[in-house]
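Quick notes on the structure that follows.
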Amino acid sequence: MSTSTPDLINSIVANVERVIVGKRPAVELALVALLGEGHVLIEDVPGIGKTTLCKAIARSIGCSFRRMQLTPDVLPSDITGLNLFNQRTSDFEFRPGPIFANLVLADEINRATPRTQSAMLEAMEERQVTVDGETRKLPRPFLVFATQNPVELEGTFPLPEAQLDRFFLKIGLGYPEESDEREILARFEDQSPLEELGPAASVEELLQLQREARHVRVEESVRSYVVKVVRATRDHPSIQLGASPRAALALQRGAQARALLEGRSFVIPDDVKALAVPVLAHRLMLDAQARIRGRKVEAVLDELLQAVPVPVEEAAGRR
């Protein structure tokens, strides 16, 4: 780990918090996704600050940024781009869509139709887009931050399991505390602090942080713990659809990113436990009986984590 890494990470967090008040856990989770090269789903009620958080992160890392305001009439080509005939050259030219950016904000993704939602699957998984049989690579880094309102609100289309599984983690912001809400009013009284927000890191520095996160050490005992947690979701009686191997990869990469965020060069079981709900909850489906009884996925995951043995002694001995 570079000696400047902790200072760089702290400066990014502090920069985002100039705009986002009292939501340090959500900001750190978003940064974990950045370091882990994963996409983020932000689900909460309107007006909480979901879009503002995405814009603050984009400006803090100085990357190219595009926003897609999704509605039922948005077409797949509005996202990926399309080939248009140029009468001057008598040839077709590709006009790239907003997906061709380092950080893409898909605002209110669950208001888009399933056909339009599916247009993002290839981009999110393979970092490429295929239009009219021609495949084009997306820039690196490439990250999708999608916001959505809770599915019980009218006019929404729930995301299919295949797309949910491509989101590295899901976070929520929640209503601010009373003191934080007063601070929000004070900061935004004159003008939005987002307008004056400058970058705290460059794209090159972000890429370097991502490479460092990949080299954070994961002991075999901790890797086995990740596997046991993920496999336990497939055997739990209240879970109909368990976590995939992609979820296991995300959990390990997220734990590496969190360790880097905490200033460590190695992963501990607490990193895995801290990220289990954000990384796994949106990928799981409870069975009918559990849903009828009103059980929550988060509660089932907490129960599962208590049942899976933690490699405390061996992990502690290697610190």
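We did not get these values from a lab; they are worked out from the coordinates using the rules stated. Just so you know, these numbers come straight off a predicted model, no measurement behind them. We place every Cβ from the backbone using ideal geometry, glycine too, and count neighbours over all the protein chains shown.
For the pairs Lys228/Lys296; Lys170/Lys273; Lys137/Lys170; Lys170/Lys228, note any where the Cα-Cα span goes beyond 24 Å.
Numbers: Lys228/Lys296 21 Å; Lys170/Lys273 15 Å; Lys137/Lys170 26 Å; Lys170/Lys228 21 Å.
Too far apart for the 24 Å limit: Lys137/Lys170.
Count neighbours as other Cβ atoms within 10 Å of each site's Cβ, and list the GluC sites (Glu not before Pro) in segment 166-230 that are DSSP loop with at most 12 such neighbours. Write down the numbers at each step before the final one.
Details: sites: Glu177, Glu178, Glu181, Glu183, Glu189, Glu195, Glu196, Glu204, Glu205, Glu212, Glu219, Glu220; in loops: Glu177, Glu189, Glu219.
Counting only loop positions with at most 12 other Cβ atoms within 10 Å, the GluC sites (Glu not before Pro) in segment 166-230 are Glu177, Glu189.
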Query raised in the report: Taking the Cα centre of each part, how many Å lie between segment 1-49 and segment 251-272?
Result: 15
Report summary line: Under the 7 Å Cα-to-Cβ spin-label approximation, Glu195 and Thr89 lie apart by a distance in nanometres of 3.9
Report task. Would you mind checking the tilt of helix 24-35 against the longest principal axis of the Cα atoms of the chain, expressed as 0 to 90 degrees and rounded to 10? Result -> 70
**Report entry** Residue order, fewest to most surrounding Cβ atoms within 10 angstrom, among Met285, Met124
**Finding:** Met285, Met124
Report task. Calculate one ³J(HN,Hα) per residue across segment 51-67 by plugging θ = phi - 60° into the Karplus curve 6.51 cos²θ - 1.76 cosθ + 1.60, and present them in order as whole Hz with x for glycine and proline. Result -> 5, 4, 4, 5, 5, 5, 5, 4, 6, 6, 10, x, 9, 5, 9, 9, 10
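Ordered by packing density, taken as the mean number of other Cβ atoms within 10 Å over each peptide's residues, highest first, how do 103-109, 115-121 rank? Write out the running numbers ahead of the final one.
Values: 103-109: 24.1, 115-121: 18.9.
Ranked from most to least packed, the peptides come out as 103-109, 115-121.
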